[in-house]
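Enquirer: A single structure is presented below for examination.
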Amino acid sequence: MDIMSAFIRRPATASVLSLIGVLLFYFIFGGVDLEKLGGAASWLNYAARIGIVAIPVGLLMISGEIDISIGAMIPAGAMATAIISGYYGLPIIFGILGALGIGVIVGLINGVLAVRTTVPTLIITLGTLIAMQGIVLAGSVILTGNASVPLSAPDWAKTLFGQLIFGGSHQVVIIWWLAFTLLGWFILHQSRFGNWIFAMGGDKVSARNAGIPVDRFTILLFVLTATSASFVGMCHAILFNSAQVSGGMNDIFNIIASVVVGGVLLSGGFGSVPGIFIGTITFAIVNKGIDFTDIDRNWSSLIIGVMLLAAVLMNNRFRNMALNYVPRKKDKGGSAK
Amino acid sequence: MTEKTAVLELRNVNKSFGPIDVLHDISLKVNAGEVLCLLGDNGAGKSTLIKTLAGVHKPTSGEMFMDGEKVSFERPKDAADRGIATVHQFGGTFPLMTIGRSFFVGVEPTKRIGPFRIFDRKTANETAVKAVQEFGITRIDDGDRLIGGLSGGERQSLAIARAVHFGARVLILDEPTAALGVKQASHVLRIVLEAKKRGLAVIFITHQVTHAMAVGDHFAVLIRGALAANFMRGEKSREEITDLMAGGEALADLDTEIESHMETHEGHPPPPAH
Ligand SMILES: Nc1ncnc2c1ncn2[C@@H]1O[C@H](COP(=O)(O)OP(=O)(O)OP(=O)(O)O)[C@@H](O)[C@H]1O
Ligand SMILES: [Mg+2]
């Protein structure tokens, strides 16, 4: 009983149930070979791509803000790396620093605008999203005359960011994803800064009055989201030896969907890193796992939509249960309401 | 009352927002171990007055003293550091945080594990639960419960217990009983008295005469931003207080008193009618 109610009060519960639900669905209706799916790299690689960004985006959403410019930052990071170290042939370290630097700059712009104005961050980051799409496209065409730029990275960079591991087709970014998740978990759930993030998402004014450096933290979180996205782009450019201009719209929705499936409240103040982690896995399995089933790939959007709704409804329900949760009944009669 | 230094004193405080004058020449003393009831009609300026005390607003002119020493608050944190704690209408402002976590927002207890400093959830929960139980709210016994799951009165009690725990000397309560039923309100009133017994100065805003009469030692009535009456317990009858709270409409002479008061403040546009 107690274990059950403790389970239900966790923000990650709905994502665990979603994951089980999706696996059951694919197993029963898609005839999926679970062993084959478990050993497959495609969904794990994809989970790592969106998961690295989903962790900081989740923290940002818990703090009550949102960042959709991440969609443009993945190709921006890839392009920066490829242009600097591929087209201009500078050492790869400049490409890496360039990619991360672009993330820091865009994150700073988003963050400073967010704390200096009252414009909702959805709108602010919509602006930087579109602006960055323009910069990436125009920049690569003007500088290189092409929307696709080749790159060849030295071994050490390949080993760190763009290698296949386990002798198969798993990408090294999976390890980065695990590291990001561990770090995010520590920050949000173990350090005192996590408490600040929850407080900011609950009520910014009260958080500020309690002495929390709300503005600096908001800016920092925006820098983390944008930089994590350009980091993913950089890794991909090194892995695939090239970078292409793309809009990155799919990434935006997929990352935010993973975070929401993971139990983070869109309006802030509630969520967990284990939830985001499992939400990302769930999302990746729905998206890539369908290839391992007999189900026609064209149905995948429908399945994603239904799963998203089911997860959000469950999240709502469980959050209410957590709110109304009263511990064990008191022995004294009459105190129960 | 013997002459002792007031914990908090206002001298000739004015506050205007641009062209709108909200507070006129307020002089007021708040003593330790005393409940000051701040009364007045809607829009009289009660919230503005306490926000000025709490460092949210800066007075346009006038001075504030704590223990006889002149103070000036640039931000709410300054007031909080001096021991002025404000509890807002709905108490806990972080409905989705646990009792333990919200109790310690900004002052989280940590413990060392190896090289890491970790939020000490156990200490946080135990301290929070103990603090609120000392105020007689024994129904709160699990620090992992979410604030949003507590009743309005429990939330108020927790917020007051928190202020006392962190050494507040002045406790400001803006309509803490406004949304509460009779039983819950009496809970909160009892906690107000308990805070007073511990030597805090309490500033209590309410629209309910019964609540004011139940806990107040000292009453100050604001009418259109001016201090229209300032008296001790027992100096005025319930009816007189009720009239005053209604904005003094029933007391013609008081109205003229205010008007003459206004005239001495040349340059001020007539206050907004309510
Ligand atoms: N930031 C502000 N800018 C301009 N005017 C303000 C501001 N804050 C308050 N006022 C005005 O000051 C007057 C007093 O407001 P205040 O909130 O202090 O009243 P109150 O006594 O607390 O009323 P209530 O009982 O309804 O809470 C109102 O006319 C209000 O419109
Ligand atoms: Mg008010």
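The values are calculated or read from the model by the stated rules, or taken from the named source; none is laboratory data. None of these values were measured; they are calculated from a predicted model. Cβ atoms come from the backbone with ideal geometry, glycine included; neighbour counts cover every protein chain shown. Ligands, DNA and RNA are excluded from the accessible area calculation, which covers all protein heavy atoms including side chains. Shrake-Rupley method; radii C 1.70, N 1.55, O 1.52, S 1.80 Å.
Enquirer: Using 26 Å as the Cα-Cα cut-off, could you pick out the over-long pairs in B:29/B:130; B:77/B:183; B:29/B:77; B:29/B:51; B:111/B:197; B:122/B:196?
Expert: On the way: B:29/B:130 33 Å; B:77/B:183 33 Å; B:29/B:77 22 Å; B:29/B:51 16 Å; B:111/B:197 34 Å; B:122/B:196 30 Å.
From B:29/B:130; B:77/B:183; B:29/B:77; B:29/B:51; B:111/B:197; B:122/B:196, over 26 Å: B:29/B:130; B:77/B:183; B:111/B:197; B:122/B:196.
Enquirer: Still on this structure, I have one more. Just to check, using Stokes-Einstein with a Kirkwood Rh over alpha carbon pairs, what's the diffusion coefficient of region A:151-221 at 10 °C and 1.306 mPa s in µm²/s? Could the numbers behind the result be given before it?
Expert: Working: Rh = 14.8 Å.
It comes out at roughly 107 µm²/s.
Enquirer: Let me ask something additional. Please state, rounded to one decimal and in Å, the Kirkwood hydrodynamic radius that region B:118-220 gives when every pair of distinct Cα atoms enters the mean of 1/r. All intermediate terms of the calculation are to be shown ahead of the outcome.
Expert: On the way: mean 1/r = 0.0704 Å⁻¹.
With all distinct Cα pairs of region B:118-220 included, I get 14.2 Å.
Enquirer: Another question about this same structure. Highest GNM mean-square fluctuation, chain B, Cα pairs closer than 10 Å: which of B:75, B:139, B:112?
Expert: It is B:112.
Enquirer: Right, next: Rounded to the nearest 500 deg cm²/dmol, what is the calculated helix-only ellipticity per residue at 222 nm for chain A, with -39500 (n - 2.57) per DSSP H run of length n ≥ 4?
Expert: Working: 15 runs with 232 residues, N = 337.
Helix-only estimate at 222 nm: -22500 deg cm²/dmol.
Enquirer: Something else about it: Please go through region A:82-136 and write out the chymotrypsin sites (Phe, Trp or Tyr not before Pro) that DSSP classes as loop and that have at most 10 other C-beta atoms within 10 Å.
Expert: Working: sites: A:87, A:88, A:94; in loops: A:88.
Within region A:82-136, no chymotrypsin sites (Phe, Trp or Tyr not before Pro) qualify (loop, at most 10 other Cβ atoms within 10 Å).
Enquirer: Something else about it: Which value, to two decimals, describes the C-alpha radius of gyration of region A:227-322 once divided by 2.2 N^0.38 Å?
Expert: The value comes to 1.24.
Enquirer: Hey, another quick one. Heavy-atom accessible surface, probe 1.4 Å, ligands and DNA/RNA ignored: which residues of region A:208-243 lose at least 30 Å² versus the isolated chain?
Expert: Listed by number, the residues meeting the 30 Å² cut-off are A:209, A:210.
Enquirer: Would you kindly calculate the translational diffusion coefficient of region B:94-149, applying Stokes-Einstein with the Kirkwood radius from alpha carbon pairs, for 4 °C and a viscosity of 1.567 mPa s, and quote it in µm² s⁻¹ without decimals?
Expert: Answer, rounded: 111 µm²/s.
Enquirer: Continuing with this model, one more query. How big is the C-alpha Rg of chain B next to the rule-of-thumb value 2.2 N^0.38 Å, as a ratio?
Expert: Compared with the compact-globule rule of thumb, chain B sits at 1.07.
Enquirer: Could you give the accessible area per residue of region B:94-149, probe 1.4 Å, as a whole number in Å²?
Expert: Computed with neighbouring chains in place, this is 43 Å² per residue.
Enquirer: Still on this structure, I have one more. With the full set of protein chains in place, find how many percent of the accessible area of region A:24-130 is carbon and sulfur; take the probe as 1.4 Å.
Expert: Carbon-and-sulfur percentage of accessible area, whole number: 75.
Enquirer: Let me have the relative contact order for chain A, percent, based on Cα pairs under 8 Å that are six or more residues apart.
Expert: Value for chain A: 36 percent.
Enquirer: With a 1.4 Å probe on protein heavy atoms only, tell me which residues of region B:94-112 lose at least 30 Å² of accessible surface in the complex relative to the chain by itself.
Expert: Residues passing the criterion (a loss of at least 30 Å², heavy atoms only) are B:94, B:96, B:97, B:101, B:105, B:106, B:108.
Enquirer: Using every alpha carbon pair in the protein assembly as shown, what percent of pairs falls into each 20 Å bin from 0 up to the bin containing the largest distance?
Expert: The percentages, shortest bin first, are 18, 41, 28, 13, 1.
Enquirer: Would you calculate, for chain B, the mean residue ellipticity at 222 nm contributed by helices, counting each DSSP H stretch of 4 or more residues as -39,500 (n - 2.57) and dividing by all residues, to the nearest 500?
Expert: Estimated from H runs of four or more residues: -9500 deg cm²/dmol.
Enquirer: Here is a further query. What accessible area per residue comes out for chain A, rounded to a whole number of Å², with a 1.4 Å probe?
Expert: The answer is 44 Å² per residue.
Enquirer: Taking GluC sites (Glu not before Pro) as exposed when DSSP calls them loop (any state but H, G, I, E, B) and at most 14 other Cβ atoms lie within 10 Å, what is the longest stretch of chain B free of them, the sites themselves excluded?
Expert: It runs B:135-234.
Enquirer: Here is a follow-up. Could you give the C-alpha radius of gyration of chain A expressed as a fraction of 2.2 N^0.38 Å, taking N as the number of residues it contains?
Expert: Cα Rg divided by the expected 2.2 N^0.38 Å: 1.05.
Enquirer: Now for a separate question. Using a 1.4 angstrom probe on heavy atoms only, work out the carbon and sulfur share of the accessible area of region B:94-149 in %.
Expert: C and S atoms contribute 53 percent here.
Enquirer: If you take the accessible area of B alone plus A alone and subtract the pair, what total do you get in square angstrom, rounded to 100, with a 1.4 Å probe?
Expert: 2600 Å²
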